[in-house]
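K.L.:
Pasting a structure below so you can have a look.
The values are calculated or read from the model by the stated rules, or taken from the named source; none is laboratory data. Everything quoted here is computed from the prediction, not taken from an experiment. Cβ placement follows ideal geometry from the backbone for every residue including glycine, while neighbour counts extend to all protein chains displayed. Areas reflect the complete protein model, heavy atoms only, side chains present, ligands, DNA and RNA absent. Shrake-Rupley method; radii C 1.70, N 1.55, O 1.52, S 1.80 Å.
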Amino acid sequence: MKSKHISLFILLAIVLLNSIGYSIVLPLLPFLVGKYLPGQQVVVGMSTLLSIYAASTFFAAPVLGALSDRFGRKIILIVSLLGSAAGFVLFGIGGALWVLFLGRLIDGLTAGNISAIFSYISDTTDAKERTKWFGYIGSAMGIGKIGGPALGGLLGSISIALPFYVTAFLIFLSALLVYFLLPESLASHKRTQRVAFNNFNVFSHFKSTFSLKGVAILLVTGVLFYIGIGVFQFNFTLFLKDIYLWTPGLIGSLLTLVGICEILVRAVLLPRLLERFTQKQIGIWGLVMLGTGLVLILSSVYVHTVLLISLAVILIISGEGLFEPTYTGKLSEAVNETQQGTLQGVNQSLQSLTNILVPIGGGAIYYYSSGWLYATAAATIFIAVCIYVKFIPVKVLD
């Protein structure tokens with residue numbers, strides 16, 4: 001096996017370990033926050049924790065991405081993983097609510113692992129196979145999401161702090177794998193030559209990135225996608241609870257379907273489609289499937305049937321699984337090696353921004369009407385389809 005592919009499989013193992021670790025603790029957050037807040041304030045505490053992480057990532061991701069263009073992907077990936085491990089150790093220690101907030105702040109300010117991983121793949125693969133590996137990364141995340149919650153529940157029954165320590169250990173193990181087994185992907189002669197003050201100014205990265213030819217319209221499409229899929233991700237379980245009166249067991253069964261579908265689409269279907277169709281064609285199909293799935297959820301407000309909900313979930317997860325890797329692939333084609341980290345960091349920052357704004361704006365719309373929320377999400381996706389069809393070329397970089 002080529003050494004390049006060995007490195008990429010090591011990267012997949014790292015992503016899998018991280019995904020398992022993160023999904024272990026997700027079901028336990030309400031119980032952990034509940035130790036420090038009365039029941040009616042737990043949702044506020046959780047939302048604030050998530051917002052602090054997203055806000056920290058918004059400011060940190062482009063900076064870490066730019067630093068990876070200067071110092072290489074490996075060191076930034078190690079720093080990011082160690083920061084996450086430290087954050088989860090603080091969660092395990094606990095003792096006060098401010099300790100949890102400090103943990104999320106540290107994790108957010110060092111959150112450059114996703115942009116570093118995507119940049120690593122961009123450095124080590126050609127355009128034809130790059131999107132396939134982006135899909136494999138998403139599939140590895142999906143595998144972790146399936147087994148993690150069950151393991152988290154088992155560990156949490158022993159001690160509420162234990163899953164957080166296990167997650168910290170898995171992430172620390174990932175950092176060791178990077179240090180000892182993963183070679184640097186960005187050769188020294190391909191790196192940016194100096195670190196300027198502007199490297200630490202997130203808004204300067206936005207300005208320079210959006211000024212690149214063909215990149216701005218691509219990022220706008222990505223933001224619309226993040227808004228549409230973000231509505232589904234933050235609201236869907238609440239929708240099932242309120243509109244369909246589903247129990248946690250039923251919701252958990254449907255979420256298992258989500259994980260299985262995500263793995264099959266990204267690891268099995270996408271590589272085969274890439275052999276016959278362009279990234280642009282696959283991306284368009286993905287957006288159309290996602291938008292159609294959101295329309296079906298809107299329809300299920302008025303026509304209650306499990307079949308409609310299940311079909312909607314399959315279309316949404318399949319659409320996400322086809323669009324996101326091809327979108328990331330087209331981003332990677334839009335710049336050369338010296339700008340990959342900055343661009344991926346800006347994209348991660350934009351995703352964090354939508355993670356802040358979508359729950360706030362979507363929550364307000366949902367309070368007024370669940371139907372209007374999904375109508376808005378579907379309209380956003382179909383606007384993205386129009387932009388993608390009209391303005392995004394088959395190849396971004398000339």
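K.L.:
Any idea which of THR237, THR221 is out of contact with any Ser or Thr (no Cβ under 9 Å at 6 or more places or on another chain), surrounded by fewer than 18 Cβ atoms within 10 Å (Cβ to Cβ) and polar (S, T, N, Q)?
P.N.:
Going through THR237, THR221 in turn, the sole match is THR237.
K.L.:
Restricting to region 30-47, count the residues that are crowded, with 17+ Cβ neighbours inside 10 Å and within 30 Å of GLY341 (Cα to Cα).
P.N.:
0
K.L.:
Look at ARG266 and say whether it is of a type in the set (Lys, Arg), closer than 26 Å to LEU16 by Cβ and within 18 Å of the chain's Cα centre (by Cα).
P.N.:
Taking the combined requirement at face value, the residue satisfies it.
K.L.:
Next question, about the same structure. Quick test of your reading of the structure: PRO393 fulfils all but one of (1) in contact (Cβ under 8 Å) with a residue 60 or more places away in the chain; (2) in contact with a helix residue (DSSP H, G or I) (Cβ under 6 Å, 6 or more places away or on another chain); (3) surrounded by fewer than 20 Cβ atoms within 10 Å (Cβ to Cβ). Name the failing condition by number.
P.N.:
(2)
Quick grid of which residues meet (1) open to solvent by 30 Å² or more (accessible area, probe 1.4 Å); (2) within 20 Å of GLY65 (Cβ to Cβ):
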site: GLY144; (1), (2): no, no
site: LEU170; (1), (2): no, no
site: SER174; (1), (2): no, yes
site: HIS189; (1), (2): yes, yes
site: LYS213; (1), (2): yes, yes
site: GLN233; (1), (2): yes, no
site: TRP246; (1), (2): yes, no
site: ILE251; (1), (2): no, no
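K.L.:
Examine region 299-318 for a residue that is buried (at least 22 other Cβ atoms within 10 Å of the Cβ), touching a Phe, Trp or Tyr at 6+ places or on another chain (Cβ under 8 Å) and under 23 Å from LYS132 (Cα atoms), and state whether such a residue exists.
P.N.:
yes
K.L.:
Could I ask something else about it? Residues of region 79-102 being touching a residue at least 40 places away in the same chain (Cβ under 8 Å) and among the hydroxyl-bearing types (Ser, Thr, Tyr), which ones?
P.N.:
SER84
K.L.:
Considering only residues that are in a helix (DSSP H, G or I) and either hydroxyl-bearing (Ser, Thr, Tyr) or touching a residue at least 40 places away in the same chain (Cβ under 8 Å) (or both), look in region 211-221 and name the one that is farthest from GLY291 (Cα to Cα).
P.N.:
Looking at residues that are in a helix (DSSP H, G or I) and either hydroxyl-bearing (Ser, Thr, Tyr) or touching a residue at least 40 places away in the same chain (Cβ under 8 Å) (or both), I get VAL215.
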